[in-house]
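Worksheet for the structure shown next.
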Amino acid sequence: MLQKNKRSEGFTLVELLVVIAIIGLLSTLSIVALNNARQKSRDAVRAADIKQMMTALELYYSDTGAYPTTVAIGGKIASGTATYMGIVPSSPKPWIDGKCSGTDAADFAYTRDSLTSYSIKYCLAGNTGGIVAGGHIATPNGTADGVWP
């Protein structure tokens, strides 16, 4: 009787485990990179929203001679029939991940300091567009860094 050579077809268990480990490592690395990109995009949206609010407030001031008394998240910046910002945005979620403290660190906080001045507190989780991470105050004169720890 002739004995045939046994030929193995398919993958061994070790080969399958190595491939699964490589796929797991690659997926972990891609998720970490995706989370960093998400944080940067949220910060870019925060910074852009603040710039839009500042522009709307300056247009309001130009027409009325004073800044609005209150600006509510979800409300609008308007005077009479003129609308300067249709919907005041809220800070994108998830919020800051502990970069700033205080109850107003999670969202934008507008305060009119006088008829000719205002402040908007906001926080960035990472460096964005030349603005460092942490708390900031936007005023008619620009943005100040590090307003809270």
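The values are calculated or read from the model by the stated rules, or taken from the named source; none is laboratory data. Predicted model only: the values in this text are computed from it and were never measured. Every residue, glycine among them, receives a Cβ derived from its backbone with ideal geometry; neighbour counts consider all protein chains shown.
Here are the numbers:
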{"read-out": "Residues within segment 110-135 that are at pLDDT 85 or above and within 17 Å of ASP43 (Cβ to Cβ), tallied", "value": "3"}
{"read-out": "Cross-chain or 6+ apart pairs with Cβ under 6 Å, segment 116-127 first and closer than 24 Å to GLY65 by Cβ, then assigned to a strand (DSSP E or B) and not acidic (Asp, Glu)", "value": "TYR118/ARG112; SER119/THR111; SER119/ILE137; SER119/THR139; ILE120/TYR110; ILE120/ALA138"}
{"read-out": "Filter result for LYS76 (without any contact (Cβ under 8 Å) to a residue 40 or more places away in the chain, closer than 16 Å to GLY142 by Cβ and either surrounded by 14 or more Cβ atoms within 10 Å (Cβ to Cβ) or not hydrophobic (A, V, I, L, M, F, W, C) (or both))", "value": "no"}
{"read-out": "Selection count, segment 30-58, where residues are among the β-branched types (Val, Ile, Thr) and either within 15 Å of ALA133 (Cα to Cα) or not in a helix (DSSP H, G or I) (or both)", "value": "2"}
